[in-house]
Amino acid sequence: MGSRVEILNDGGFRSDGRRQYELRDISIDFSLQGTADGSVTIHHGLTQVLVSVFGPREAKSRAQTIHDRANINVEVNIAAFSTGERRKRSRGDKRILELASTIKSTFEPAIQTHLYPRSQIDVFIQILQLDGGLLPACINGTTLALAAAGIPLFDFVCAITGGVHSASPMLDLTTLEENDIPHITVAMMPKTERVTLVTMETRLHVDRFEEIFGLAVDAGKVIHKEMKLAVQARTSSLVSSLGVGSKPEGDRGMAMELDDS
Amino acid sequence: MALLSKAEKSYIQSSLLSDPPLRADGRALTDFRTIALETGVAPLANGSARVSIGRNAPDGGGGTEVVAAVKLEVEAIGEGEGVDGGRISCSVSCSPTAYPHLSSGALDDLQHDMTSVLHSTLGHSSLRPNNLGILPGKKAWLLNLDIVVFADAGNVYDTIFMAARAALWDTKVPRTRSVEYRAKKLDSIDSESKAMDVDGANQDQGKSVLDTRETTKATDFELPDYWDEGEVLGGREAWPVCVTLNLLPSLHFLDASLQEESSVPLRLHTMFSFPPTAAPCLQTFRLIGPGVTNSTHIQSLMKDGEKYARNIWSALESKLKDEDIRRNQKAREKFICR
């Protein structure tokens with residue numbers, strides 16, 4: 001980098017023109033990928049993640065089954081062209097395995113796995129663009145894809161990053177900010193206000209932690225609203241398309257009955 | 001590669017062989033499904049494209065979907081694999097979403113197969129663009145073409161080659177200018193080093209001053225403009241297109257769906273390039289599958305293949321020109337009218 005980028009300038013703006021607590025825009029697209037049961041493309045600022053969910057279905061190998069609940073299998077793939085510097089990561093890359101296992105443990109308390117003993121739920125995550133907030137984008141995308149696949153959840157899982165620059169906390173960091181300032185990732189369940197994940201890879205002063213944590217939980221609620229709107233919009237479009245298409249005369253009575261129930 | 005029972009296979013085969021031939025989606029034998037193409041999908045790449053075949057419009061689901069992206073790297077010649085005049089390296093990776101029934105080992109094998117076909121075709125020296133060199137004998141561009149298969153609903157090879165062609169067409173190579181440092185006479189060094197500082201061209205100027213005593217050739221380069229205003233790859237019209245002919249005894253058909261793919265015994269991949277001045281060139285030819293066929297049949301298939309490839313090539317060409325206009329001219333007009 002030629003000159004040092006100011007993380008937060010005197011006017012209170014960040015390098016991409018946002019305020020301290022301002023989030024980047026999120027767009028959610030539920031169009032299906034291949035034969036997946038549910039899939040979603042989530043753009044979070046310049047980060048773009050595609051999540052597909054298969055299942056619950058029979059596990060590929062007997063060894064992976066758990067006798068009293070479903071096994072969650074998460075695979076992450078980062079496209080070589082997703083970052084500024086080209087880097088091809090293999091499937092066994094430690095960083096990717098860590099990311100996958102973090103996502104898996106985040107969702108274990110959120111999915112009602114006890115309903116599907118001896119089966120498997122596959123979550124395939126493809127990262128297309130990377131600009132900070134990778135883990136939150138993956139978690140939010142997975143929540144939506146699971147919902148789209150009709151897998152029962154106890155609650156949404158909403159995740160966001162938060163960091164602190166000198167003494168001022170900020171939310172939803174870009175790569176530039178992530179490289180420079182200490183940050184945490186928080187995943188929370190908005191209805192019960194429980195937290196399923198808190199991670200931190202950098203050092204953060206203990207006095208600052210509570211403030212950022214509280215802010216991140218609040219931001220999680222905002223993201224929950226956004227996600228809920230997207231799910232509602234999709235569901236209502238599905239419901240409205242149920243009525244579309246001509247039905248033979250004989251079937252009409254049955255359709256009416258379905259509508260009543 | 002869908003799992004089909006014997007009964008399903010023979011059902012598909014007999015309806016293809018019936019007169020007139022019948023396909024599940026009502027297409028004729030040489031009809032393609034709808035192809036959608038968009039360039040410039042990866043903002044951090046030098047060139048990129050997304051191609052989908054057979055996506056159904058209302059919900060955007062289904063169909064084969066492939067994204068290709070080109071990234072350029074500067075490579076030193078003589079260390080590792082660097083070649084004078086630049087080289088091309090291709091890789092294909094498949095999302096497990098595309099092949100949910102495959103284990104990760106089988107997926108790796110499949111990726112390797114696709115990579116080797118793509119790399120041996122596009123990496124061939126006859127197709128190498130003439131503007132990948134930077135400094136003769138010292139530096140050259142390494143062109144990385146990365147392809148991700150998101151979904152496979154049949155005919156994945158044709159889709160991969162279309163995406164590769166579109167991404168390579170879209171690629172812009174940054175313009176470079178050779179820089180040469182000459183040793184100055186002692187009395188002029190002072191003023192010269194000041195001028196160099198203003199330029200800020202390179203940090204190892206001290207060393208270069210020493211080096212150029214032995215050689216007068218350019219030792220380094222600089223970029224006169226930003227990355228997105230480079231020039232297109234040389235000879236970009238020549239990038240090949242792939243046509244897959246699915247062979248049943250006595251007939252062939254194009255753009256097979258997954259079910260059709262697994263019910264034919266033999267597949268023929270042909271890659272043709274159509275350079276603007278020279279005659280059409282057959283780049284790759286692969287016969288895959290357990291079936292057999294005779295050599296006279298192959299000759300007629302090659303002729304047909306060339307005809308189909310020509311159609312695909314001209315359709316792609318006009319679409320890519322449209323995309324160029326959409327992304328440059330129209331985007332500029334839109335910006336002005338804002």
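The values are calculated or read from the model by the stated rules, or taken from the named source; none is laboratory data. None of these values were measured; they are calculated from a predicted model. Glycine also receives a Cβ, built like all others from the backbone with ideal geometry; neighbour counts cover every protein chain displayed. Areas reflect the complete protein model, heavy atoms only, side chains present, ligands, DNA and RNA absent. Shrake-Rupley method; radii C 1.70, N 1.55, O 1.52, S 1.80 Å.
Once both labels are modelled 7 Å past Cα along the beta-carbon direction, what's the B:V292-B:L22 spacing in nm?
3.3
What does the average come to when, for each residue of peptide A:70-81, you count the partner chain Cβ atoms lying within 10 Å of its Cβ?
Values: counts 0, 0, 0, 1, 0, 5, 0, 6, 1, 10, 10, 18.
That average works out to 4.
Count, for each residue of A:45-55, the Cβ atoms from other chains sitting within 10 Å of its Cβ, then give me the mean as a whole number. Walk me through the numbers on the way to the answer.
Details: counts 0, 2, 0, 3, 0, 5, 1, 7, 1, 4, 1.
Going residue by residue through A:45-55 and averaging, the value is 2.
Can you tell me which of A:22-29, A:168-175, B:249-256, B:327-334 comes out highest on packing, and rank the rest after it, using the mean Cβ neighbours within 10 Å? Could you put the intermediate results ahead of the total?
On the way: A:22-29: 15.2, A:168-175: 20.6, B:249-256: 17.9, B:327-334: 11.0.
Going by the mean number of other Cβ atoms within 10 Å, highest first, we get A:168-175, B:249-256, A:22-29, B:327-334.
For the protein assembly as shown, compute the orientation-averaged projected area of the C-alpha convex hull (one quarter of its surface), in nm².
On the way: hull surface 147.3 nm².
Result: a mean projected hull area of 36.8 nm².
Tell me the label-point distance for the pair B:R310, A:F13, using the 7 Å Cα-to-Cβ offset, in nm and rounded to one decimal.
5.8
Show me you know the interface measure: the accessible area buried between B and A, both chains summed, probe 1.4 Å, in Å² to the nearest 100.
On the way: alone 18040 and 14350 Å², together 30090 Å².
When B and A are taken together, about 2300 Å² of accessible area is lost.
Return the long-range amide H neighbours of A:V164 (sequence gap of 5 or more, or a different chain), with a cut-off of under 5 Å between placed amide H atoms.
A:M170
Going highest first, how would you order B:151-163, A:102-114, B:75-87 by mean Cβ packing within 10 Å? Could you put the intermediate results ahead of the total?
Working: B:151-163: 25.2, A:102-114: 18.0, B:75-87: 14.8.
Per-residue mean Cβ counts within 10 Å order the peptides as B:151-163, A:102-114, B:75-87.
Mind checking B:85-97 for the average number of partner chain beta-carbons within 10 Å of each residue's beta-carbon?
Working: counts 0, 0, 0, 0, 0, 0, 2, 0, 9, 1, 10, 11, 16.
Across the residues of B:85-97, the mean count of other-chain Cβ atoms within 10 Å is 4.
Using mean Cβ contacts within 10 Å as the protection proxy, how do A:47-56, A:142-151 order, highest first?
Values: A:47-56: 25.8, A:142-151: 23.7.
Top to bottom by mean Cβ count within 10 Å: A:47-56, A:142-151.
Anything over 21 Å Cα to Cα? Flag those among B:K6/B:K303; A:K94/B:K71; A:K88/B:K71; B:K71/B:K330; A:K60/A:K94; A:K191/A:K228, in the order listed. Let's see the in-between values first.
Values: B:K6/B:K303 32 Å; A:K94/B:K71 24 Å; A:K88/B:K71 12 Å; B:K71/B:K330 25 Å; A:K60/A:K94 23 Å; A:K191/A:K228 12 Å.
Over 21 Å Cα-Cα: B:K6/B:K303; A:K94/B:K71; B:K71/B:K330; A:K60/A:K94.
Is it possible to state the helix-based mean residue ellipticity at 222 nm for chain A, with each DSSP H run of 4+ residues giving -39500 (n - 2.57), the sum divided by total residues, to the nearest 500 deg cm²/dmol? What is it?
Details: 5 runs with 82 residues, N = 261.
Helices in chain A give a 222 nm mean residue ellipticity of -10500 deg cm²/dmol.
Computed FRET efficiency, Cβ-Cβ of A:D207 and A:R95, R0 30 Å: what is it to the nearest 0.05?
Details: r = 30 Å, r/R0 = 1.01.
After rounding, the FRET efficiency stands at 0.50.
Provide Rg and Dmax in Å for chain B, with only Cα atoms included in the calculation.
Here Rg and the maximum Cα pair distance are 24.6, 91 Å.
Subtracting the Cα-Cα distance from 0.36 nm times the residue separation, let me have the gained length for B:C281 to B:V232 in nm, one decimal. Mind dumping the intermediate values first?
Details: separation 49, 0.36 × 49 = 17.64 nm, distance 2.20 nm.
Full-extension gain reported as 15.4 nm.
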